[in-house]
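Please read the structure below before turning to the comments.
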Amino acid sequence: MPDFAYTARDLRGTKVSGTLAAASEREAIAILAGKSLFPIQVAAAKLKAHPLSRKRVGGQLMATTYNQLAALLRSGVPLLRSIHVIRDQTSNVRLQEVLDDVYRRVEDGATLAEAMSRYPRVFNEMAVSMVRAGGEGGFLEDALDRVANFTEQQEDLKSRTIGALAYPAFLTVVGTLVVGGLVIFFVPRFGEMFDVLRDRGELPMMTHWLLWFSAVLRRYILLILGVGAVLVAGVRREVQTERGRRLRDLLKLRMAMLGPIFTNLAVARFCRVLGTLLRNGVPILKSLEISREAAGNRILSEAIGAASENISSGQSLAKPLASCEYFPRTVVEMISVAEESNTLDKVLVDIADGLERRTVRRLDLAVRLLEPIMLLILAGIVLCVVIALLMPVIQMSSTMR
């Protein structure tokens, strides 16, 4: 529950102030009335961010923590004792401090979900909502198990994606360094050798442009790096704005080779989060609000937001998703059938499984194609440099003969 700051007067007219936890402002006023306090002002409290709330904890470690907590609760260990045991066993200092604060809050009467919500970068909104639903519905152990399974699946997909892109990224960095070293340090050594041909006007155009490019890089390398750093900083600042984020997400969806991969990953995240939340009894509007953010893409989030409005007015989920060109048609059709058969939670998880499998296969294929393409590009650049340097040498040897 959120905290509300209040200013009120007691029966003797003395002004008192403080904070209390309530589901809404109306409930906060009712609580004050029950304490014989006459509210003057009640507003949502602006909480100071806890220093630990900005620190992340690895997804795999969080999945293990959820699993351990579910196992302890299922074995009949009380909640406070379970949190205490996990806090003492974990070797991660950040997580240990977070669990220590969670333990104190639960001991003071807060629910587990309320204590977890203080640390959004450790316990994401989906986990908090599922734990809240599990606590209210009496299936907290099952909710924690599903949160753990979801976290493990997402971490596995993330690690496979990073692993697939590691080698192409390595090739890009090494290739840039090799070509840059050739042009900046190796090519200028031939400049004086070719001065005779340049004076005669017999220097090949390819060699002339290579020497010119090398001289520009050597002279203005610091300026070029500075301008590049400014541009990168400007792009990063623009991406922090709403317009920049939307443009970035649109470009990700429209990229030639990687666009379908980004699209499928975002749709899979949305389907898995929504299906998992619905399976745990979270209301559909709240589930859509959480899964909308979990998609990680502004364009898709707008379509999901339209779906929320449709459902609020009693319509279906599939219709607004179909109007978004980036949602796969097969996914929309499966959602439509699932709504009619009342199996939306199960079908959404199945859709996510299928999309992730296809995306991983497509990503592997894209990486396999990308590696030889990058090698060919790198070899082509080096070959152009070598040809540009050998052409004048061959021409000078022919003249001497």
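Here, each number is a calculation from the coordinates, and none is a lab measurement. The model shown is predicted, which means the values in this text are computed figures rather than measured ones. Backbone-built Cβ (ideal geometry, glycine too); neighbour counts: all protein chains shown.
Which listed residue (F150, L79, S301) has the Cα farthest towards the positive end of the charge dipole for the chain, taking +1 on Lys and Arg C-beta and -1 on Asp and Glu C-beta about the Cα centre?
Farthest towards the positive pole: S301.
In the chain, what is the volume of the convex hull around the alpha carbon atoms, normalised per residue and reported in Å³? Walk me through the numbers before you get to the answer.
Values: hull volume 86.2 nm³, N = 401.
About 215 Å³ per residue, rounded to a whole number.
Going by C-beta contacts inside 10 Å, put R189, R245, R118 in order with the fewest on the left.
Numbers: R189 10, R245 14, R118 19.
Lowest count first: R189, R245, R118.
Put a dot 7 Å past each Cα toward the Cβ at R121 and L375; how far apart are the dots in nm?
Label-label distance for L375 and R121, simple model: 4.1 nm.
Per residue, what volume in Å³ does the Cα convex hull of the range 57-150 take up?
Numbers: hull volume 7.7 nm³, N = 94.
Given the Cα convex hull of the range 57-150, per-residue volume reads 82 Å³.
Running a GNM on the chain with Cα contacts under 10 Å, which residue among S117, S316, S75 ends up with the highest mean-square fluctuation?
S75
Please work out how much length the chain gains when fully extended from S17 to D364, using 0.36 nm per residue of separation minus the C-alpha to C-alpha distance, in nm with one decimal.
Numbers: separation 347, 0.36 × 347 = 124.92 nm, distance 6.04 nm.
Contour length minus Cα-Cα distance gives 118.9 nm.
Over 25 Å between Cα atoms, which of K252/K346; K15/K35; K158/K319 qualify?
Numbers: K252/K346 29 Å; K15/K35 14 Å; K158/K319 30 Å.
The pairs that break the limit, which is 25 Å between Cα atoms, are K252/K346; K158/K319.
Amide H neighbours of I40 under 5 Å, at least 5 residues apart or on other chains, H built in the peptide plane: list them.
The answer is T7, A8, R9.
If amide H atoms are built 1.01 Å from N in the plane of the peptide, which residues on other chains or at least 5 residues away come under 5 Å of the amide H of G18?
HN-HN under 5 Å from G18: Y6.
Please rank M374, M205, M193, M126, fewest neighbouring Cβ atoms within 10 Å first, as an exposure proxy. Don't skip to the answer; put the middle values down first.
Numbers: M374 18, M205 9, M193 12, M126 24.
Listed from fewest to most nearby Cβ atoms, that is M205, M193, M374, M126.
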